[in-house]
Amino acid sequence: MLGLPGAGKGTQARLISQKFKIPTVSSGDLFRDHDKNNTELGILARDYMLKGAYVPDDVTIRMITEWVSLQDKSKGFILDGFPRTINQARVLDDILTNYGGLDMAVYIDISVAEAINRISTRVLCSICQSPFSLLDGVKEGDVCRTGDGGVIYQRPDDKPSAVEERLKVYSRETQEVIQYYQTRDNLRTVSGAISINEVKSEIISTITSLENERYSTDRRSI
Ligand code: ADP
């Protein structure tokens, strides 16, 4: 899942994961877990995250490789927030040689203005990480509406100075990753400016048409 901060990558990754029963992971959530648990990776990543900078590739790659190695190979997986640099994209290609390669890179397209607007009003549940908007009357310290007992908080890197840095580093590093997948014809772009359910339907139909294409290619070669 690719897209600007606030594009809805995490929300859609969770919905698609439930629909197709495949695991998903968010590199940002993994880093936040490591940070909370004071692990070696968490300590290494902490300062970068707070500033809105990318965590160095070697640390990020180590963390994702560890997660991937724990997954059931036959199922595949959805990655949210990885890769974000060309180097990470190349390493992912290597990892995926054991999985038959990448199926698709979904790019959720929103404008920078929309990203800033969403991030500045976004709060999250400390347990399920579901995002809510201050505009809907949810505020920091509230109990999560899903009933999981989580407390609503604002991510420290959703504060304006870190957001500015995240947008800068995104255009410096991650735009190139989008080009990389576009050149290889792996990129599928969906608008992120429509409702959550509409984005979900668009992604599902993109996945279904890829499956159909593959099915008819297989049939032709029989
Ligand atoms: P965003 O909303 O900006 O997409 P995430 O929750 O995905 O934020 O990530 C939070 C932070 O974790 C990033 O700003 C960065 O510091 C770190 N991070 C997450 N994924 C990566 C990655 N693939 N490479 C480097 N740093 C990462």
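Things to note:
- Scanning the stretch 162-211 for residues that are within 16 Å of the ligand (Cβ to nearest atom), of a type outside the set (Val, Ile, Thr) and in contact with a helix residue (DSSP H, G or I) (Cβ under 8 Å, 6 or more places away or on another chain) returns Ala162, Glu165, Arg166, Leu167, Glu173, Glu176, Tyr180, Tyr181, Gly192.
- Residue in the stretch 10-17 that is touching a strand residue (DSSP E or B) at 6+ places or on another chain (Cβ under 9 Å), open to solvent by 20 Å² or more (accessible area, probe 1.4 Å) and without any contact (Cβ under 8 Å) to a residue 12 or more places away in the chain present: yes
- Total residues in the stretch 66-120 satisfying the condition of being β-branched (Val, Ile, Thr) and touching a strand residue (DSSP E or B) at 6+ places or on another chain (Cβ under 6 Å): the figure is 3.
- Just one residue in the set Ile110, Ile119, Ile86, Ile61 is open to solvent by less than 40 Å² (accessible area, probe 1.4 Å), β-branched (Val, Ile, Thr) and touching a Ser or Thr at 6+ places or on another chain (Cβ under 9 Å); that residue is Ile110.
- Scanning the stretch 138-150 for residues that are open to solvent by less than 20 Å² (accessible area, probe 1.4 Å) and among the small types (Gly, Ala, Ser) yields a count of 1.
- Yes/no for Glu165 being at pLDDT 95 or above, part of a helix (DSSP H, G or I) and farther than 19 Å from Gly10 by Cβ: no
- The stretch 25-38, residues that are among the charged types (D, E, K, R) and either in a loop (DSSP other than H, G, I, E, B) or buried (at least 20 other Cβ atoms within 10 Å of the Cβ) (or both): Arg32
- Flag if Asp185 is of a type in the set (Asp, Glu) and either touching a strand residue (DSSP E or B) at 6+ places or on another chain (Cβ under 9 Å) or open to solvent by less than 60 Å² (accessible area, probe 1.4 Å) (or both): no
- Test: Lys73 is open to solvent by 50 Å² or more (accessible area, probe 1.4 Å) and near the ligand (Cβ under 9 Å from one of its atoms): no
- Condition broken by Arg90, with the remaining ones in (1) under 16 Å from Glu173 (Cα atoms); (2) charged (D, E, K, R); (3) under 15 Å from the mean Cα position of the chain (by Cα) satisfied: (3)
- A single entry from Ala45, Ala89, Ala53 fulfils the requirement of being small (Gly, Ala, Ser) and free of Cβ contacts under 8 Å to residues at least 40 places away in the same chain: Ala45.
- Which numbered condition Asp47 fails, given (1) open to solvent by 40 Å² or more (accessible area, probe 1.4 Å); (2) within 17 Å of the chain's Cα centre (by Cα): (2)
- Among the conditions (1) touching a residue at least 24 places away in the same chain (Cβ under 8 Å); (2) open to solvent by less than 40 Å² (accessible area, probe 1.4 Å), the only one that Tyr153 does not satisfy is (2).
The values are calculated or read from the model by the stated rules, or taken from the named source; none is laboratory data. Bear in mind the structure is a predicted one, so any value in this text is a computation, not a measurement. Every residue, glycine among them, receives a Cβ derived from its backbone with ideal geometry; neighbour counts consider all protein chains shown. Areas reflect the complete protein model, heavy atoms only, side chains present, ligands, DNA and RNA absent. Shrake-Rupley method; radii C 1.70, N 1.55, O 1.52, S 1.80 Å.
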